[in-house]
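Just below is one structure, and these are the notes that go with it.
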Amino acid sequence: MAQTFTITTPIYYVNSVPHVGHALTMLVCDAEAAYHRLRGEEVLFITGTDENGLKVKEAAEKAGEDAHAFVDRISADFRRTWDDLGFQYDDFIRTTEPRHARAVQRLFEILRDKGHIYQDKYEGWYDVSAETFVRESDLVDGKSPDGNEVRWVSEDNWFFRLSALGEPLMAHIEANPDFLLPASRKNEVVSFINQGLRDLCITRTNPGWGIPVPGDEGKVIYVWFDALINYIAATGWPDDPNWQTKWPAVHWMAKEIFTRFHATLWPAMLMAADLPLPSQVIAHGWFTFGKSKMSKSQGNVIAPGELRDFFVTEAGCSADLAVDAVRLCLARCLPYEGDTNFTWDEVAKHYNSDLANDLGNALNRSLTMIHKFAGGRVPGGAVEPEVAEAIAAAKHGVEEAYAAHRVDQAAESAIGLIRFLNKYIDTRAPWALAKAEDPALGSVLRGMALALASAAGLVEPLLPATAPAMRAQLGLSGRPEWAQLGAEETLPAGTEIAQPQPLFPRLDVKKLTAQVEESAPAEPKPKKEPKKPMPEAPAQIEFPDFMKVQLKVARIVEAERMEGSDKMMKLQVTLGGESRQIMAGIAKKYAPVDLIGRQVVVVANLKPARLMGQESQGMLLAADDVDGSPILLEPSDEAPDGSLVH
Ligand code: MSP
């Protein structure tokens with residue numbers, strides 16, 4: 001049986017609600033799982049909920065609910081949130097399930113039989129909020145080092161002989177340099193182990209909630225010892241003889257449960273039971289909100305659904321592409337080493353820059369030009385080496401990034417190909433090739449389409465709805481195999497492409513800021529001046545007056561209709577070395593496809609103005625037709641872009 005790529009998130013406590021911090025770990029695992037599936041591998045992506053702890057029981061009591069009903073409800077909330085965000089987990093394990101309890105009790109028995117567990121009296125401090133024991137010397141002002149309340153416990157209990165496992169653990173860490181990632185966090189683990197590990201009390205008096213100790217039903221198994229075992233329970237251990245086809249796994253979590261639990265206790269438990277260790281244990285940093293970690297107890301939680309709805313209502317994305325927008329923002333903000341302050345500003349910035357601008361422009365311009373210059377079909381002609389190399393480099397970058405578990409870097413490499421394409425279009429200027437009837441035009445247009453098709457494949461693990469939407473616009477129905485991605489044969493000459501449709505409308509950041517300001521007590525607004533009639537031109541002007549107006553030849557490189565207006569068109573023009581955005585009331589007369597590549601005359605020193613919330617940095621010259629519609633002025637011969645008109 002083929003070896004499965006198994007990847008896990010922590011199982012989440014059901015005393016909380018799912019927020020974007022949890023969604024971050026989900027995304028990292030989901031993107032990695034999708035990448036391996038796209039490569040044709042067997043994948044097992046495990047997540048779930050941690051339901052046995054004392055704090056869960058206390059949360060249920062506080063909510064005045066039966067503990068079983070409470071955990072069912074919150075666990076379902078987590079599941080629903082992950083389903084709404086389209087996370088493709090293969091198993092959702094709950095620690096109240098019999099398969100989990102069976103695995104926990106079995107492992108306990110194995111360790112007891114092997115002499116790794118013994119009975120003793122435990123007296124000391126217990127932090128219920130973090131479900132950990134705290135040394136007297138670690139207390140700060142009578143609280144745990146995390147600032148949580150502690151309580152004194154004194155009981156006969158079972159202990160795990162962790163102190164004996166420091167050395168073999170260190171040997172494993174040294175022999176497997178990528179076992180713990182990132183390196184900075186691995187160093188913390190090394191110094192933690194080097195300080196000397198202490199035996200761990202792994203049972204509690206049975207409060208009527210939890211997994212009973214086999215043969216000592218008055219006790220339950222300590223929640224961390226119990227929870228970690230979910231990872232092998234979900235592979236089928238101990239009953240399924242094939243469980244090892246799904247093990248070892250890659251474990252992801254945030255930093256707070258890395259050193260003591262996932263990087264030390266868990267491998268030690270497995271080692272003691274003579275079971276194989278996880279292949280890799282990786283921790284990311286936190287999403288913070290303001291100064292503190294985003295968490296329910298801090299009351300600073302952004303719900304993942306809230307973020308998705310934001311892209312639907314504020315940007316106008318479809319529901320499935322809004323989910324991709326959330327995924328992109330999570331990946332772009334991923335705190336691999338440090339922490340990230342997760343703000344709405346950051347979210348809007350990444351969305352606009354990667355999706356609305358880079359991806360939107362590349363798609364819109366490429367498709368528009370294939371319609372205009374090649375009759376809407378992918379032309380023949382070999383893709384230029386520059387494009388083939390950029391595709392190969394981006395693919396390599398994405399592969400390396402996933403191999404190193406860097407979803408953030410995979411996003412960078414894939415979006416990098418799209419940015420390359422935008423530059424390639426600017427420099428190869430298909431409109432100029434068309435005008436000059438240059439035979440390179442076909443190769444350039446085909447290269448543009450192939451770069452887009454390849455970028456669709458490379459973003460797919462991260463943006464699973466965007467990739468097929470891009471392919472549909474390119475007229476491609478199936479997805480190429482990963483190995484084939486970027487090959488010219490995947491985009492046959494003659495493929496009929498669709499009309500470009502914007503996938504990610506731009507977020508109007510100024511409008512959003514204004515909305516935030518509006519919710520604050522507003523300054524009285526100055527009254528709007530009535531619209532002034534157009535000034536009449538005087539019968540004569542002096543030559544110096546004319547010279548105040550700087551007219552230049554510009555080339556339209558992008559054109560897009562403005563939603564909500566049948567008249568306005570947003571244009572990007574180049575004046576030689578300089579790019580400008582110009583809003584022009586020409587959409588009734590001209591289609592974007594008629595404009596891209598065309599030369600026009602603009603007033604280059606007109607003071608910028610805002611039209612439909614967009615900055616307009618100049619004005620196009622046009623004559624009035626008999627019905628008042630515009631007729632654009634165009635040099636009769638090709639002029640250098642940016643040349644002066646006088
Ligand atoms: N139940 C334990 C885990 C047991 S695993 C055997 C637990 N649960 S938790 O609900 O507190 O989830 C913690 C995990 O949620 C973090 O390790 C991380 O994966 C994710 N995150 C929760 N808040 C987060 C942030 N603010 N930022 C980043 N990750 C966050 O601990």
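Listed by chain and number, the aspartates and glutamates whose alpha-carbon sits under 19 Å from that of Lys511, ignoring those within fewer than 8 places in the same chain, are Glu306, Asp309, Glu314, Asp345, Glu346, Glu523, Glu563, Glu615. Solvent-accessible area of the chain (1.4 angstrom probe, protein heavy atoms only): carbon and sulfur portion equals 51 percent.
Taking Cα atoms, how many degrees apart are the long axis of helix 67-84 and the longest axis of the chain, rounded to 10 and kept between 0 and 90? Value to nearest ten degrees: 30.
Taken one residue at a time, the phi angles of the range 50-57 give Karplus couplings (6.51, -1.76, 1.60, θ = phi - 60°) of 9, 10, 9, x, 4, 6, 5, 4 Hz. Gly and Pro are set to x. Remark: for residue pairs Lys121/Lys246; Lys114/Lys246; Lys349/Lys552, the C-alpha separation exceeds 28 Å in Lys121/Lys246; Lys349/Lys552. Accessible surface calculations at 1.4 Å, restricted to protein heavy atoms, place the range 543-645 at 52 Å² per residue. Annotation: amide H of Tyr12 within the under-5 Å range of Gly48, Thr49, Asp50, sequence separation 5 or more or interchain, hydrogens built in the peptide plane.
For the range 536-553, backbone nitrogen atoms closer than 16 Å to the point 7 Å from Asn605 Cα along Cα-to-C-beta are found at 542-553.
In deg cm²/dmol and to the nearest 500, what is the mean residue ellipticity at 222 nm of the chain if only DSSP H runs of at least 4 residues count, each as -39500 (n - 2.57), divided by the residue total?
When only DSSP H runs of four or more count, the value is -11500 deg cm²/dmol.
Each residue of the range 243-248 is assigned a 3J(HN,Hα), and the resulting list reads 4, 6, 6, 10, 9, x Hz, derived from the Karplus form 6.51 cos²θ - 1.76 cosθ + 1.60 (θ = phi - 60°), x at Gly and Pro.
Pairwise over distinct Cα atoms, reciprocal of the mean inverse distance: report the Kirkwood radius of the range 380-428 in Å, one decimal place. 11.4 Å is the Kirkwood radius here.
The relative contact order of the chain comes to 11 percent, based on Cα pairs under 8 Å that sit 6 or more residues apart. Between the residues Gly564, Leu328, Ala183, the greatest Cα displacement towards the positive end of the dipole of the chain, with unit charges on the Cβ of Lys, Arg, Asp and Glu, is found for Gly564. Farthest towards the positive end of the charge dipole of the chain, among the residues Leu275, Ile202, Leu474, is the Cα of Leu474, using unit charges on the Cβ of Lys, Arg, Asp and Glu. Extension gain, Lys62 to Lys423, is 124.1 nm, computed as 0.36 nm per intervening residue step minus the present C-alpha separation.
Can you pull the Rg over Rh of the range 342-490, Cα-only, Kirkwood? List each step's numbers first, then the result.
Numbers: Rg = 15.2 Å, Rh = 15.6 Å.
Ratio of gyration radius to Kirkwood radius for the range 342-490: 0.97.
Which entries in the list Lys395/Lys423; Lys372/Lys435; Lys372/Lys395 go over 20 Å, if you measure between the two C-alpha atoms of each? Violating the 20 Å Cα-Cα cut-off are Lys372/Lys395. Close amide H partners of Leu85, meaning residues 5 or more places away or on another chain with modelled amide H under 5 Å apart, do not exist here. Ignoring the sites themselves, what is the longest stretch of the chain with no GluC sites (Glu not before Pro) in a DSSP loop and at most 14 other beta-carbon atoms within 10 Å? The segment 150-336 is the longest one with no such site. For the range 5-284, the Kirkwood hydrodynamic radius comes to 19.3 Å, computed from all pairs of different C-alpha atoms. Apply 1/(1 + (r/R0)^6) to the Cβ-Cβ distance of Ala623 and Asp83, taking R0 = 51 Å, and write down the FRET efficiency to the nearest 0.05. Calculated value: 0.30.
Phi angles across the range 439-446 convert, under the Karplus curve 6.51 cos²θ - 1.76 cosθ + 1.60 with θ = phi - 60°, into 3J(HN,Hα) values of x, 5, 3, x, 4, 5, 5, 5 Hz, Gly and Pro given as x. Solvent-accessible surface of the range 342-490, averaged per residue with a 1.4 angstrom probe and all protein chains in place: 35 square angstrom. Per residue, the solvent-accessible area of the range 5-284 (1.4 Å probe, heavy atoms of protein chains only, all protein chains present) comes to 38 Å².
Charges only on Cβ, +1 for Lys and Arg, -1 for Asp and Glu: so what's the dipole of the range 342-490 about the Cα centre, in debye to the nearest 20?
Working: 13 positive and 18 negative charges, 105 e Å.
The dipole magnitude comes to about 500 debye.
Placing unit charges on each Cβ (+1 for Lys and Arg, -1 for Asp and Glu) gives the chain a dipole about its Cα centre, and among His68, Phe92, Pro430 the Cα reaching farthest toward its positive end belongs to Pro430.
Taking 0.36 nm per residue of sequence separation and subtracting the Cα-Cα distance, how much length would be gained by fully extending the chain between Arg135 and Glu188, in nm to one decimal? That works out to 17.2 nm of additional length. With N counted as the residues of the chain, its alpha-carbon radius of gyration over 2.2 N^0.38 Å works out to 1.20. Database remark: amide H of Val557 closer than 5 angstrom to the amide H of Gln572, Val573, Thr574, Gly597 (H placed geometrically; neighbours at sequence offset of 5 or more, or on other chains; Pro and chain starts carry no H).
The values are calculated or read from the model by the stated rules, or taken from the named source; none is laboratory data. As the structure is a computational prediction, the values presented were derived from the model and not from experiment. Reconstructed Cβ throughout: ideal geometry from the backbone, glycine too, with neighbour counts over all protein chains shown. Side chains are part of the model used for accessible areas, which takes the heavy atoms of the whole protein and leaves out ligands, DNA and RNA. Shrake-Rupley method; radii C 1.70, N 1.55, O 1.52, S 1.80 Å.
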